[in-house]
Every structure is written in structure tokens, then in C-alpha cells.
Amino acid sequence: MTEERLNLYDADGRVVGAKPRREAKASGLAVGAVNALVVDRRRHVLLQRRPRGKDNGERWDKSVGGHVSAGEEFDQTLVREAGEELFDDPRSPRIRLAASAEEFASRLRSADLAHEVVMRRVAFQKGLRDVRAGPGGAMRNVLYHVAIYAGRTDVPVASFRPQPAEVDELAYFAAEAVDRMLLDGRLAPNMAFLWLTQAHALLSGG
């Protein structure tokens, strides 16, 4: 099977090439990623548990995440990854991405949140040094430029179809439970970063 190719970026976020996934992550140049946190009406956070044998395996991770493939823009990646990881369909019509805070608010008023996930981009972080726990206890460092998204849904857990190769389990957690998971070391390192930097705005509806 041909290995996925990823965009490579310079320090300013410009695409400077593409390489197969493993080469890209070991290149010393930044690769692109998307991270999303989604909450329901109770402000409980949707998290996924990574499969054993994957990076950060058996830890709880963000709602949606993934790498920017060669030729993709960050928003395209977010829609594809959300469709794949939540509904096992990269073109799922149940994923709605708003281009602005105003459009996000408008979509929330009209969306059927029992069936759809509505998201918007809230931040962009360049030059993040990500620490990953690899299979067998290995530690990996990768340089990332990361687009961060916040979202809303009321889709019941049983109505998601998580991608089997990438997601072992999906569950909603109250903020206090996520705090405990952070202190207990049960969160993936990049999920810990997201929680510490994005949770206040996410939970307050900002």
C-alpha cells in the first residue's frame, strides 16, 4: 500500500514540498495537522480513545485529528478527517464547517445537531513540538503547524460510526472528568495541550 504523502511547511506556514508520511515527520520541517474539540449541549466534550499499536495508543485524545495530506488545505483536512473518524465516511454530509464566528452561530440555529456536527476554526499554532508515545513505549517528536477547531453536536454516542483503524471508542466527558484524566496521565500529550489552551473558551461558548 502506498504511504500517504504529507505537505511540508516552512516556519511561516508556506508549503515547501511533500514527502511520504514517515519521511515527512522525520524531516525536521513542519507537517500540518488539524485538531478539533466538540461539545454537546451539556458542555460535555467528545473524546476518542486511540487503538493500541497507534501513536498515543489507549490514551484519550481530541474529538477529531489528522494530518494534512499533500495538496490539501487545513479546512479540507478537517472535513475529511471528521467524516472518517466520526462517521467512517470522508465525504459525510453530517460534517458542517463554518467560515466565521457569525456563520457558525447561524448554522447552529438551523442545524439538526442530533444528526450533524458543526465546527469552525478558532486558532492556528505554528511550530509546535509534539511529543507522542509510540508502540512499545517509544517516544517520538514531530514539528507541527496545527489548525484548531471547536464544534457543537448532540449526536448520541451510539449514532457515531468511528473509523475502526483509528478510533477504539468515542465518549462524552464532563470537564471535571477530563481534568482528572489529565492529572492521571490518561490524555494524549497534544490533547492535554488543547485542553489547557482551549477548554475555557470552548466550555463558555466562546
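For this structure, a couple of remarks:
- Search result, residues across the stretch 130-184 that are under 29 Å from Ser100 (Cβ atoms), in a helix (DSSP H, G or I) and of a type in the set (Gly, Ala, Ser): Ser159, Ala175
- Any hit, the stretch 121-129, residues being in a strand (DSSP E or B) and either of a type in the set (Phe, Trp, Tyr) or over 17 Å from His145 (Cβ atoms) (or both): yes
- All positions within the stretch 171-190 that are closer than 17 Å to Arg43 by Cβ and among the hydrophobic types (A, V, I, L, M, F, W, C): Ala171, Phe173, Ala174, Ala175, Ala177, Val178, Met181, Leu182
- Residues in the stretch 93-112 that are surrounded by 18 or more Cβ atoms within 10 Å (Cβ to Cβ) and outside any helix (DSSP H, G or I): Arg94, Ile95, Arg96, Leu97, Ala98, Ala111.
- Contact map, the stretch 38-58: residues that are under 22 Å from Ala98 (Cβ atoms) and surrounded by fewer than 16 Cβ atoms within 10 Å (Cβ to Cβ) paired with residues that are at pLDDT below 95 and not basic (Lys, Arg), Cβ distance under 6 Å, separation 6+ or inter-chain. Pairs shown: Arg43/Leu203.
- Hey, Gly28 at pLDDT 95 or above and touching a Leu at 6+ places or on another chain (Cβ under 8 Å) or not: no
The values are calculated or read from the model by the stated rules, or taken from the named source; none is laboratory data. Just so it is clear, the structure is predicted and the values come from calculations on it, not from any experiment. Virtual Cβ from ideal backbone geometry, glycine too; neighbours counted across all protein chains shown.
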